[in-house]
Amino acid sequence: MTGSSIRIGIDLGGTKTEIIALDPSGMELLRRRVPTPREDYPAILATIVALIREAEQALRSRATVGIGTPGSVSRATGLLRGSNSVCLNGQPLQHDLEALLERRIVLTNDANCFALSEASDGAGAAAEVVFGVILGSGVGGGIVVRGHLLDGPNGIAGEWGHNPLPWPREDERPGPPCFCGRTGCIETFVSGRGMERDHREQTGEALLGPEIVARAEAGDASCEATLARYEERLGRALAHIMNVLDPDVIVLGGGMSNVMRLYRNVPPRLHPWVFSDRIDTKIVPHRHGDSSGVRGAAWLGGSVET
């Protein structure tokens, strides 16, 4: 094999592991998806290594490697933490993969990969400061400035979901319990699960997010009220980000990002909270969808030498 500028990205998920290879322009050269071995750390390592070696053999080239994971690497220990694939927690994932692949790799959380993908050649391309948002079963985020992903000295840049919901009303205090051990986190309000919980508490009706959205579109008053509360809370949460970071563009990803009314209804709700007399920050949907994580991992890998 010869050296090249091909970038390989791996998206390590709880149920599937996906690989992509990109050329320097972002053109997809190869893609494959396999099931993630369930709660079997050695098998997960073997799966990732096999995918990379098979891809490099098919491409007849050694590539850079970036990996997006659930959770993040502790700066204190070098071990993975906060992963919903429990067998990964407490493991030296990056160290072990580098030893097996005999090269340096870059590893970060999936929200950072999403942000980098959308800033590189997605909905935030050419913007100076991009804040990428995941609105799924949880809430995550990543920050890209002039094409460079910000990680921070503590490895938590962009983790807005575990700040408290800003400017809470009395009926929002102290807020729902969060898995992080606190109450009232942004994640407990503007995640998909947060919206479902809110609807259940207000109506006694247990509905999934897509059902709430569909019923609101069909004229159901209680579902419309749930979505209106969600939009107002999301507006407050994003306004807080704007007051701190003032990004050029905010790109939404995750399941809730596909609710297109958000792009119409949330921007007007920012004005009472943003400390400015005008708002030029754009709020836009993702361009690459479910592919953003693996594409971002590939762009991430391009920052190291093979």
For the chain, modelled as a Gaussian network with Cα springs under 10 Å, which listed residue fluctuates most, 124, 136, 152?
-> 152
Residue-ordered couplings for region 50-58, obtained by feeding phi - 60° into the Karplus form 6.51 cos²θ - 1.76 cosθ + 1.60 and rounding to whole Hz (Gly and Pro as x), are 5, 4, 5, 5, 5, 5, 5, 5, 5
Summing -39500 (n - 2.57) over every DSSP H run of at least 4 in the chain, dividing by its residue total and rounding to the nearest 500, the 222 nm mean residue ellipticity is -10500 deg cm²/dmol
Give or take rounding to whole Å, what are the principal axis extents of the alpha carbon atoms in region 103-172, in descending order?
-> 51, 28, 23
Taking alpha-carbon centroids only, region 241-285 lies from region 187-231 a number of Å equal to 20
Qualifying chymotrypsin sites (Phe, Trp or Tyr not before Pro) for region 242-286 [loop in DSSP, other Cβ within 10 Å: at most 14] | 275
Region 198-277 - convex hull of alpha carbons, volume per residue in Å³ = 103
Quick one: check the C-alpha center-to-center distance for region 15-54 versus region 117-170, whole angstrom.
-> 25
Across region 47-188, how large is the tail of the calculated P(r) beyond 26 Å, expressed as a percent of all Cα pairs?
-> 36
Can you give me the three principal axis dimensions of the chain from its C-alpha atoms, in Å, biggest first?
-> 61, 40, 40
Give me the Debye-computed log₁₀ of I(q)/I(0) at q = 0.11, 0.16 Å⁻¹ for region 125-286, equal point scatterers on Cα only, no solvent, two decimals.
-> -0.43, -0.91
Any residue on another chain or 5+ positions along whose placed amide H is under 5 Å from the amide H of residue 282 is listed here as 249, 250
Quick one: Karplus J couplings for region 107-120, per residue in order, coefficients 6.51, -1.76, 1.60, θ = phi - 60°, nearest Hz, x for Gly and Pro?
-> 9, 8, 7, 5, 5, 4, 5, 4, 4, 5, 4, 5, 7, 6
Show the residues, 5+ positions off or on another chain, whose built amide H is closer than 5 Å to the amide H of residue 184.
-> 178
Compactness check, region 1-65: C-alpha Rg relative to the 2.2 N^0.38 Å globular estimate gives 1.12
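Every read-out reported here was derived from the displayed coordinates using simple, explicitly stated rules and does not represent laboratory data. These numbers were taken from a predicted model, which means no experiment stands behind them. Positions of Cβ are generated from backbone atoms using ideal geometry, with glycine treated the same way; all protein chains shown enter the neighbour counts.
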